[in-house]
1. Would you confirm whether any residue within segment A:240-251 is out of contact with any helix residue (DSSP H, G or I) (no Cβ under 9 Å at 6 or more places or on another chain), in contact (Cβ under 8 Å) with a residue 60 or more places away in the chain and open to solvent by 40 Å² or more (accessible area, probe 1.4 Å)?
2. Which of the residues spanning segment B:1-28 are among the hydrophobic types (A, V, I, L, M, F, W, C) and either surrounded by 13 or more Cβ atoms within 10 Å (Cβ to Cβ) or in a loop (DSSP other than H, G, I, E, B) (or both)?
3. Could you list, in sequence order, the residues of segment B:199-229 that are surrounded by 15 or more Cβ atoms within 10 Å (Cβ to Cβ) and part of a loop (DSSP other than H, G, I, E, B)?
4. Give segment B:232-259 a look and list any residue that's aromatic (F, W, Y), open to solvent by 60 Å² or more (accessible area, probe 1.4 Å) and either within 14 Å of another protein chain (Cβ to nearest Cβ) or in contact (Cβ under 8 Å) with a residue 40 or more places away in the chain (or both), or say none.
5. Among the residues in segment B:39-61, are any open to solvent by 30 Å² or more (accessible area, probe 1.4 Å) and on the phi > 0 side of the Ramachandran plot?
6. Give the residues of segment A:80-131 that are hydrophobic (A, V, I, L, M, F, W, C) and part of a loop (DSSP other than H, G, I, E, B), sorted by residue number.
7. In segment A:38-54, how many residues are open to solvent by 30 Å² or more (accessible area, probe 1.4 Å) and under 21 Å from A:L77 (Cα atoms)?
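The values are calculated or read from the model by the stated rules, or taken from the named source; none is laboratory data. None of these values were measured; they are calculated from a predicted model. Using ideal geometry, Cβ is built from the backbone for each residue, glycine included, and neighbour counts are taken over all protein chains shown. Only protein heavy atoms, including side chains, enter the accessible area calculation; ligands, DNA and RNA are left aside. Shrake-Rupley method; radii C 1.70, N 1.55, O 1.52, S 1.80 Å.
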Amino acid sequence: MSRNADNWLLRVTNLTKIYGEPNENTVDQTGPKFNSNICPETDSIVACADISFDLYPGEVLGIVGESGSGKSTVVKLLYFDMEKTGGAAWLKPYADGSIDMLSESNQKKRFIRNNLMGMVYQNPRDGLNFNFTSGGNIAEKLIMAGNYHVGEIRGRASDLLNKTEVPVLRMDDRPANFSGGMQQRVQISKAIANNPPLLFLDEVTTGLDVSVQAKVLDLIRELQQDLGIAMIVVSHDLSVIRMLTDRTIVMKNGRIVESGLTDQILQDPQHEYSQLLVSSLL
Amino acid sequence: MVENIKYANKYNFAFIDEATKKEIRRKLLKAVAIPGYQVPYSSPEMPIARGWGTGGLHVTLAIIGREDIFKIIDQGSDASVNACNLREFVHQMTNCQTTYDTSEATLIQTRHRITEEELTENQIFVYQVPQPEPLRSVERYEYRTRQMHGEADYAKMWVSLYESYVRSGDIMLGAGYPVKVNKRYIMAPSPIPRWDVPNLNQSKALHLFGAGREKRLYAVPPYTTVEALEFEDVKFHTEDFKGTECYKTGYKKAFLDELYFDDGSKHFIINDSNFLDKLVEKESPKQHENKYIKQLQS
């Protein structure tokens, strides 16, 4: 797939999220240079600032960094779970990338979220409704995208569960009765239910044991190859990043400190924090 | 001696003071202007406890005039305790004429039924509503349900219908089946049986809903589209009375009650008492028309 200036899928510029009441110096006085994201003047907290990047169709982008570096904030802002403080983001399939999706109304945002994006959270409780069956959870996403045919919904749900290796027999059970790995796979089924061009994965393997981790990662890689979904993978785990991603962004204190090809960053890290990160890899 | 005119009557006409009536009427106007939208209102104190028909009573007393002919039913019956007491109360407070005859009444208050006889443009139909929020079963927080209504985000409601179908093979909602009003708001039609739901659609009468305990008013204006929620392949249907008929009249096309006699035998009888009386008297009251009744064999 050729990458030129025009065929981006998602373009993010100067995405910023600040808690509290910042003043004009807040952004300048925080970040990796100061090793802090708390503004000394106003005590406001800069979760992330000046995040800009392009994502191309079918590409997998990794965001890596220590806890509190703002990597989850970035995807939550892009998935409308949080309100931005500043910045803009354009999504090609939505109005041909002409409208900043972060400034749209809630109704429009819901449309984008349901039709053009999927999200897999670290904790399945965030992505699934545990009062509904796993089939119902997938149905929710399909219904939100305007499918009101029970037969079709159930057909699609069983396809998805098949694909993610959840026994279809358990479609009408609640995810509360599932193991952690299975819950995560139901969540992935739900996220890709509408064939979205863009998928966010927020620490999907954290908290799973190693063999289940490997299975979930396998599944994600397979889906990526079969469906060609563009993904943003957030992780603090470099082996996950190495396995899944083409390009990587390294974040610290709410800023991007380095970005480039994943192999390059892992082989030859330039920023001292990236070097630290790579050298601490077991 | 100066005669005390101001306090000669113990109560204002229709019990509620004029300022409060005005407030309720204004909220009703808003409700009519936005069909299916729940309007918060004051829900003033009544001589009965909230949740025992105060919402319906507020609406009735706020809009009743001296010329009105008042009818009240409870579960289709003119004679049940709730109906009798409220009829007596309204009559005492307004001195309005009361009636059992559906076609004669201009203002009908109801609990849990729509009359079997068709309503006309000259009639106002008032419901006592226990739970005005159709989304309460899927979302417990009020601020969230308001947001969901505001943004027409009804996926959770649909999923609960889907789940019900998956679990039981049918949408297991007997009374209070959720409807979409004027293609916008999802509304709880108070717990009327499914039998009555199609009769709200394009009804000639004005339907006003009052939930006293929950402090909400809403309305379905005349000739408004009201659709029961249904999937493309799992359809809404009314109660099935196949193989049964009213034991007094032999009538099959009305909502029937199940009765057990002392000898243990089971019988069915028309639930709407005035409709039953008219059939027994060999009158032929004009019934609501909808496709579900049409499908039935007489």
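1. Of segment A:240-251, the ones out of contact with any helix residue (DSSP H, G or I) (no Cβ under 9 Å at 6 or more places or on another chain) are none.
No, there is no match, as no residue in segment A:240-251 is out of contact with any helix residue (DSSP H, G or I) (no Cβ under 9 Å at 6 or more places or on another chain), in contact (Cβ under 8 Å) with a residue 60 or more places away in the chain and open to solvent by 40 Å² or more (accessible area, probe 1.4 Å).
2. From segment B:1-28, those among the hydrophobic types (A, V, I, L, M, F, W, C) are B:1-2, B:5, B:8, B:13-16, B:19, B:24, B:28; that's our starting set.
B:M1, B:V2, B:I5, B:A8, B:F13, B:A14, B:F15, B:I16, B:I24, B:L28 - these are the residues of segment B:1-28 that are among the hydrophobic types (A, V, I, L, M, F, W, C) and either surrounded by 13 or more Cβ atoms within 10 Å (Cβ to Cβ) or in a loop (DSSP other than H, G, I, E, B) (or both).
3. So the first thing to find is which residues in segment B:199-229 are surrounded by 15 or more Cβ atoms within 10 Å (Cβ to Cβ), and the list is B:199-201, B:203, B:205-222, B:224-229.
B:N201, B:S203, B:A205, B:G212, B:R213, B:E214, B:K215, B:P221, B:P222, B:T224, B:T225, B:L229 - these are the residues of segment B:199-229 that are surrounded by 15 or more Cβ atoms within 10 Å (Cβ to Cβ) and part of a loop (DSSP other than H, G, I, E, B).
4. Our first condition is that a residue be aromatic (F, W, Y); within segment B:232-259, this holds for B:236, B:241, B:247, B:251, B:255.
From what's left, open to solvent by 60 Å² or more (accessible area, probe 1.4 Å): B:247, B:251.
None; the set is empty.
5. Within segment B:39-61, one or more residues are open to solvent by 30 Å² or more (accessible area, probe 1.4 Å) and on the phi > 0 side of the Ramachandran plot.
6. Start the filter on segment A:80-131 by keeping residues that are hydrophobic (A, V, I, L, M, F, W, C), which leaves A:80, A:82, A:88-91, A:95, A:99, A:101-102, A:111-112, A:116-117, A:119-120, A:128, A:130.
Once the filter is applied, which keeps residues that are hydrophobic (A, V, I, L, M, F, W, C) and part of a loop (DSSP other than H, G, I, E, B), segment A:80-131 yields A:F80, A:M82, A:I99, A:L128, A:F130.
7. The initial filter retains those residues of segment A:38-54 that are open to solvent by 30 Å² or more (accessible area, probe 1.4 Å), namely A:38, A:40-43, A:45, A:50, A:52, A:54.
Filter again for under 21 Å from A:L77 (Cα atoms), leaving A:38, A:45, A:50, A:52, A:54.
Looking only at that region, the number is 5.
Table: residues versus (1) within 20 Å of A:V74 (Cβ to Cβ); (2) at pLDDT 95 or above; (3) surrounded by 19 or more Cβ atoms within 10 Å (Cβ to Cβ).
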{"position": "A:V216", "(1), (2), (3)": "no, no, yes"}
{"position": "A:G228", "(1), (2), (3)": "no, no, no"}
{"position": "A:L238", "(1), (2), (3)": "yes, no, yes"}
{"position": "A:Q275", "(1), (2), (3)": "no, no, no"}
{"position": "A:V278", "(1), (2), (3)": "no, no, no"}
